[in-house]
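Student: Please find one structure pasted underneath; my questions will follow.
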Amino acid sequence: MYFRRFAQDHWYRFAKQALFWTQPALKTPEQAQTWSDLMPLLTWELWLARPLVSDRPLPWQKPQVNARLTQGRVRQSLAAVFAAMGTPTRPPKPRGKSPGWPKGKPRTKAPRFPIVRKTRKHRRTSTRKC
């Protein structure tokens, strides 16, 4: 039983620190439950992505054998896989000066509407004695 607890404690630490399990400020218990349900799926995604990534250690880290990459190293190297996959979105529009207001179109001010008050303002009467 201790060995199972040992593995679970390490997973909880990894999920909290590397997968940001406790980071989002969720408003309802249902949202928190859904977010917690995603954590094991993310762990499996990292496990299955292990053969797709190559080790990219940071300067202070020792290289690891690709077959024995830890989940943290896989997460660290996963950006290259995402970059190779591409994105389904369109490329961004070019920046520069906007064309501006169309020529010949008259400029009009936005319509203003009167303020609707629900109650009348009461005058404040002074009750102080001099």
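Student: Could you please let me know if R5 is among the basic types (K, R) and either exposed (fewer than 13 other Cβ atoms within 10 Å of the Cβ) or touching a strand residue (DSSP E or B) at 6+ places or on another chain (Cβ under 8 Å) (or both)?
Tutor: Criteria met by R5.
Student: Could you tell me whether the range 85-95 includes any residue that is at pLDDT 85 or above, surrounded by fewer than 10 Cβ atoms within 10 Å (Cβ to Cβ) and among the β-branched types (V, I, T)?
Tutor: Among the residues of the range 85-95, at least one is at pLDDT 85 or above, surrounded by fewer than 10 Cβ atoms within 10 Å (Cβ to Cβ) and among the β-branched types (V, I, T), which makes the answer yes.
Student: Scan the range 18-42 residue by residue and report those that are polar (S, T, N, Q) and either modelled with pLDDT of 85 or more or loosely packed, with under 12 Cβ neighbours inside 10 Å (or both).
Tutor: Q23, T28, Q31, Q33, T34, S36
The values are calculated or read from the model by the stated rules, or taken from the named source; none is laboratory data. Keep in mind that this is a model prediction, so the values were computed, not measured. Neighbour counts run over all protein chains shown; Cβ positions are idealised from the backbone, glycine included.
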